[in-house]
1. For residue 148 and residue 90, what does the FRET efficiency come to when R0 = 30 Å and r is the distance between their Cβ atoms, rounded to the nearest 0.05?
2. What does the extension gain come out to for residue 100 and residue 117, with contour length at 0.36 nm per residue minus their alpha carbon separation?
3. Is the C-alpha gyration tensor of segment 47-147 telling us rounded, prolate or oblate? Criteria: a/c under 1.5 is rounded; beyond that, a/b larger than b/c is prolate, otherwise oblate.
């Protein structure tokens with residue numbers, strides 16, 4: 001017998017589970033254990049060991065601003081590429097730690113990476129894109145071309 005999980009907006013909706021005496025059915029118990037403990041993990045990529053960073057994109061009259069939350073990294077950890085209007089931001093971090101004591105040696109290895117790619121409109125000045133990294137926020141200023149900026153309204157008189 002299998003249990004179907006009801007979902008609402010991607011979250012599991014709890015309902016009364018069938019029981020055997022005073023004990024819940026085995027499948028219900030296991031499903032409940034994992035579904036309650038793990039929570040919402042849709043942004044985790046277990047193969048890469050790092051979550052996909054959250055991004056805010058803002059548009060102003062003169063430029064687009066892209067802000068990515070990536071705390072704990074250094075400026076040198078990022079690779080930012082621009083090719084054929086595709087802006088890619090990536091990082092790859094490998095760590096190795098070794099601790100040696102009298103009767104044992106402990107080694108730990110770590111690997112984490114992510115890559116986010118954005119397609120830029122053809123109305124941006126690709127040569128003038130600037131990036132900064134402050135307090136865990138990677139910010140890119142992507143200026144618009146002059147012809148893409150809104151023109152002020154003007155009145156036209158009837159001749």
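1. On the way: r = 27 Å, r/R0 = 0.91.
Step by step, r from the Cβ atoms, then E = 0.65.
2. On the way: separation 17, 0.36 × 17 = 6.12 nm, distance 4.15 nm.
Result for the pair: 2.0 nm of gain on full extension.
3. Working: a/c = 3.50, a/b = 2.97, b/c = 1.18.
Prolate shape, in that a/c is at least 1.5 and a/b is the bigger ratio.
Where a number appears in this text, it was derived from the coordinates with a stated rule and is not lab data. Keep in mind it's a predicted model, so treat the numbers as computed, not measured. Ideal geometry is used to build each Cβ from the backbone, glycine not excepted, and the neighbour counts take in all protein chains shown.
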